[in-house]
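Here the structure comes first, spelled out in structure tokens, and everything after it is commentary.
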Amino acid sequence: MSAGRKRVVVVGGSFGGVNAAYELRRRLPRDAEITVISRDAEFTFIPSLPWVTMGWRDPSRLQVRLDAPLQRRGIRFVHGEVQELDPQACEVRTSSQTYPYDALVIASGAELDYAAVPGLGPQVGHTFSTFTCAEAAASRDALARVLAADKGRIVIGAAAGASCVGPAYEIAMMIDTVLKRARKRHRFSITFVTPEPFLGHFGVGGIGTSPRMVQDEFAERHIDSVVNARIANAGPDRLILADASEHPFDFSLVIPAFLGSPFVRGVDGLANPKGFISVTPQLASAKFANIYAAGVAVAIAPPGPTPVPVAVPKTGHMTELMAQAAARNLAAEFTGGVKVDGMTLHSTCIADAGDTAFYMSADPFLPPRNKVIVKRGKWARYLKLTFERYYLARIRHDLPSMDFGW
Amino acid sequence: MSAGRKRVVVVGGSFGGVNAAYELRRRLPRDAEITVISRDAEFTFIPSLPWVTMGWRDPSRLQVRLDAPLQRRGIRFVHGEVQELDPQACEVRTSSQTYPYDALVIASGAELDYAAVPGLGPQVGHTFSTFTCAEAAASRDALARVLAADKGRIVIGAAAGASCVGPAYEIAMMIDTVLKRARKRHRFSITFVTPEPFLGHFGVGGIGTSPRMVQDEFAERHIDSVVNARIANAGPDRLILADASEHPFDFSLVIPAFLGSPFVRGVDGLANPKGFISVTPQLASAKFANIYAAGVAVAIAPPGPTPVPVAVPKTGHMTELMAQAAARNLAAEFTGGVKVDGMTLHSTCIADAGDTAFYMSADPFLPPRNKVIVKRGKWARYLKLTFERYYLARIRHDLPSMDFGW
Amino acid sequence: MSAGRKRVVVVGGSFGGVNAAYELRRRLPRDAEITVISRDAEFTFIPSLPWVTMGWRDPSRLQVRLDAPLQRRGIRFVHGEVQELDPQACEVRTSSQTYPYDALVIASGAELDYAAVPGLGPQVGHTFSTFTCAEAAASRDALARVLAADKGRIVIGAAAGASCVGPAYEIAMMIDTVLKRARKRHRFSITFVTPEPFLGHFGVGGIGTSPRMVQDEFAERHIDSVVNARIANAGPDRLILADASEHPFDFSLVIPAFLGSPFVRGVDGLANPKGFISVTPQLASAKFANIYAAGVAVAIAPPGPTPVPVAVPKTGHMTELMAQAAARNLAAEFTGGVKVDGMTLHSTCIADAGDTAFYMSADPFLPPRNKVIVKRGKWARYLKLTFERYYLARIRHDLPSMDFGW
């Protein structure tokens, strides 16, 4: 892998794919061909989708078309879904075309595993979600109907094996805030049903004093909680847990577990049984040296066992850092240079509650940590708002990344 | 119930009865006859009775004779105890006389159910209490003797089914304060024995972060605690719990459970088995449309089950708001007008610890809530003090009510 | 015990012995003969030994030779170890000489009971400790090697029956601080293994809200903890608990239980089975009226039972107060005067974490207490530092004691 014009294919058009492509463009020779293949025509700032659910944001404000910004930088953009990967032939295939590569970056995120729980999910099931603009818009309309009523039962939760429980916390607290503002909170119950062994675990064993902070917050907001919950079935008006307890609802939003992309799961030796890619600390596939991965597509072992499985989340921030590290290491293959550790990542995230917000910074992301900051305040809401605006401008214009909080 | 001169009888001369009578006077036509029948000749500011127990207040400072203030406003005052209620004949009877009514407001509070636990109570038993001036004065004298000694064992608690556990918390903390000031706290044990499932439950499942706050406070004060306690027997020098554990004492004050007034319990369909009146949200009896109820006399279901029964407290503040709502709804029957919800109440209460105090505000009183404030500080003591003074003046002069804290 | 020239022997040259001797010198007639017999030629400021373990202090800075300061005040100093005590003959014997006494003060501290756990201790075992300069220096060198590595497993703990667990807390937190500063905390695990029933118990049932404070601190520092631990065996690379769980380590420091001095254990009726002296509140032996005791040598009953035994610590501060009280009461025997209670003591201690510190003040030391202060802040580190400097000067020059914080 050294002579000639190189072809690098990046699968994914979200935090991982876009950042990998930008970073590759900066690091690879001018004649290298970089192709981004994305199922979606637009980049979506997924962290703000809970605000869509609340009706506080129009989805269009959170999207940037991918073609123009990528092409302006000499990156080819293909709007299509990869259906097959042949690591021996070094090719990926969409329904219409085949793309050979010298190196591949997989940043295709995950599938939402609604099928794991009967009745789960907004399409064939009874619970809402907030991982795509369509999901968020559907949840918004259903939630608005319920909140317009005189009383109601709200059940927010996450399925066993879920990794990204943060939005569930945000939505539970934001609904509390909205109901308080309408002075009818007392006529609605809010129940939080989570596979975590304790509130504020977040799939990482807690972030500093986050467990205590979340417990206090839920006490003050009178949000009931069920931990170690394994949702067995989602009926039209109730969640049924594995212990047969039932949680009736008028509105329910449940975070699903994730599965790796189907084209990844099809390749022997690339991924773990759930379809997440096993990587070296440099983010190369443990089996195929010219395949790199970043973000949600990557397998990360949980810091410890839990009674009900909870997976490690990958924030947008982490995904971006992984994508930059993967791109840097891939470029080092072609052009020389030092490879970096892409698995020991810090991450900052802000969870919004509507009336206040929680700023959590962890370095590294998994414990034990060199540094941890957990703070609560309105200022964190404004920081989250500002960051969203900046990030969308950044994707449009390839601005420098902003590693705030450190 | 519309034409002619109306006769309204109000049973009770405390927070509920006086406020109902004042509100009725404001709302009913001048020719309506309003009669208050009270077992006590004086209004007593019950929330300050724990200060009598501590020897910090003379009982006389907490009382206002009822006759003059009521009569000055054209309200008839009868000093007597209602012994029978005939809802068909629309009459109440004292030992000496019968009072017919067009509408009745029952704000007669509760009986102290010392009989439920052998040995309980200051009259035939071995534990003190603080719900009347006489009880408070008796507990003051006994406590003073014990605190004058060189060492001692203090056991403060509440019986199973008790609703009003707040004074027990206050007295436990105030005794700690007094002993510290005398620099002999280390020679006294203070044990808190409560049916609540956790400290700071208060019969309402906690008020925001009150459980954590109380636990910290008790840790700092080295007040030992036993939760889920069911007192089975009160001996001359020890409490014996249902689990056979014993708590020896030199001084013990135990809050009893409450029972509805005997004349209420005698009427079929008016009250629940404990004698508390089942009401509509408008505070009318569920069975007798011309009977209203307010305050402690009203049945309120607990927010959830507990291993040992704990009943929902009704603060003076809540009772006043209920009495005003009941009076307003009763007047609306006679004169037209909109009825209001008298069961969704907010409440503010201040628990004194002697050296600091706890301000707790809950709206509504039962969770989930629109608003909750839990704060700790000396300022709350001064607020409590000031409020007592204002309230007594208010009863004397029918001043506007002061809904502080909102 | 009244006429003639009195001979008082003080056994011990640490907090207890030196302070007893100084106080006796102030209180006894000029012709009284005061002899201090100490195993060590130097006074060591033991509370700072954890700083030696961390490599932040040279042991020599923490020591003061005993001979000159004592002799300058007319106190005889004997460098030797007492091997026998004959309370009938009123004599103590070292290997070389016999010292008759009219009154004896035992402030000889304790033996480190490494033998109670196979494999424990720095000499024949595999775990380090920090109770002597030699121990601290050995632990410093071993710790430095482990911290210089790229990754490692640190296990800090205390054996069943240990009293002085404070240094273990300090060292666990200081190691966390050092690793964070080196930005490699994430590659080291730190596990805290303690017989206490909960973190922050400290052998005294907690100090105010210390349990919650320590739990939060450990959560923020990602220090794992095992409570109710009974270490059964210390292997070359792991601690094995009584429940068969194993804690592998690259470096381990374990606080041993204490045993009374052998010469004390040899005297029938003087001490409890562990060798700690049973005393009256005036600190005289319950059996031998002319023997006084102070500090670690004294038996103090724990405030309550714990699943695994934890003994009551005696801080340097307490030992000093006890020594002064014992000296005062002993002098009162000779010269008349009021005896004082030497067992109801307050104590202030500061636990250093390297980046912050914890100030804890308890009066009295065992609950329930008249006063308790628990605070966290960098200022407490500086206070600890300053106090160390002052204290060493004080031993040199017999300056007045500084009872800070009250």
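Read-outs throughout are calculated quantities, based only on the coordinates presented, and are distinct from any laboratory measurement. Note that this is a predicted model, so its numbers are computed, not measured. Quick reminder, even Gly has a Cβ in these numbers, built from the backbone with ideal geometry, and neighbours come from all protein chains shown.
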Give the distance, in whole Å, between the Cα centre of segment B:14-55 and the Cα centre of segment B:261-307. 20 Å
Taking Rh as the Kirkwood radius computed over alpha-carbon pairs of segment C:5-105 and applying Stokes-Einstein at 4 °C with viscosity 1.567 mPa s, one gets a diffusion coefficient in µm² s⁻¹ of 90 µm²/s
Can you give the local net charge around B:G377? Use residues other than it whose beta-carbon is closer than 12 angstrom to its beta-carbon, Lys and Arg +1, Asp and Glu -1. +3
Most mobile of C:Q63, C:Q324, C:Q123 in a GNM of chain C (Cα contacts under 10 Å): C:Q123
For segment A:205-243 and segment C:77-117, what is the centre-to-centre distance using only Cα atoms, to the nearest Å? 62 Å
Every other copy gets compared here: list the nm distances from the B:D243 label point (7 Å along Cα to Cβ) to its counterparts, shortest first, one decimal. 2.0, 2.0
Amide hydrogen neighbours beyond the local backbone of A:S225, cut-off 5 Å, H modeled: A:F192
With viscosity set to 1.306 mPa s and temperature to 10 °C, compute the Stokes-Einstein D of segment C:128-210, Rh being the Kirkwood radius across alpha carbon pairs; µm²/s, no decimals. 115 µm²/s
Within 13 Å, Cβ to Cβ, of B:R328, how many net charges do the neighbouring residues add up to if Lys/Arg are +1 and Asp/Glu are -1? 0
How large is Rg/Rh for the protein assembly as shown, to two decimals, with Cα atoms and a Kirkwood Rh? 1.05
Given all pairs of distinct Cα atoms, segment C:272-355 yields a Kirkwood Rh in Å of 14.0 Å
Dividing the alpha-carbon Rg of segment A:198-293 by 2.2 N^0.38 Å yields what? 1.52
Which of C:A103, C:A351, C:A144 ends up with the largest GNM mean-square fluctuation for chain C, with Cα atoms connected below 10 Å? C:A144
Relative contact order (%) - criterion: Cα under 8 Å, at least six apart; region: chain A: 19 percent
Based on the alpha-carbon gyration tensor of chain A and its eigenvalue square roots a ≥ b ≥ c, which shape applies: rounded if a/c is under 1.5, prolate if not and a/b is larger than b/c, or oblate? prolate
Place +1 on the Cβ of every Lys and Arg and -1 on the Cβ of every Asp and Glu in segment B:114-256, take the dipole about the Cα centre, and give the residue among B:P122, B:G166, B:I154 whose Cα lies farthest towards its positive end. B:I154
So what is the relative contact order for segment A:114-256, in percent, with contacts set as C-alpha pairs under 8 Å and at least six apart? 36 percent
For the rotation that superimposes chain A on chain B, which residue of A has the C-beta lying nearest to the axis, and at what distance in Å? A:R212, 5
If you put a point 7 Å past Cα along the Cβ direction, how far is that point for A:D86 from the same point in each other copy, in nm, smallest first? 10.2, 10.2
Debye, to nearest 20: dipole size of chain C, +1 on Lys, Arg Cβ, -1 on Asp, Glu Cβ: 1100 debye
Partners for C:K378 among lysines (Cα-Cα distance below 25 Å; same-chain residues under 8 apart left out): A:K371, A:K375, C:K180, C:K184, C:K314
Candidates B:Q83, B:Q282, B:Q97: whichever shows maximal mean-square fluctuation once chain B is modelled as a Gaussian network with Cα springs under 10 Å: B:Q97
With a Förster distance of 22 angstrom and the Cβ-Cβ distance between B:R72 and B:T386, calculated FRET efficiency to the nearest 0.05 equals 0.30
Taking every residue of B:361-373, the Cβ atoms of other protein chains inside 10 Å of its Cβ average out to 5
Viscosity 1.002 mPa s, temperature 20 °C: give me the Stokes-Einstein translational D for segment C:114-256 in µm²/s, with Rh taken as the Kirkwood radius over C-alpha pairs. 143 µm²/s
Net charge contributed by nearby residues that have their C-beta within less than 11 Å of B:A149 (K/R +1, D/E -1): +3
Can you list, shortest first in nanometers, how far C:R39 lies from the same residue in the other copies, with each label 7 Å from Cα toward Cβ? 7.2, 7.2
Gyration tensor (alpha-carbon) shape descriptor, segment C:345-397, a/c threshold 1.5: oblate
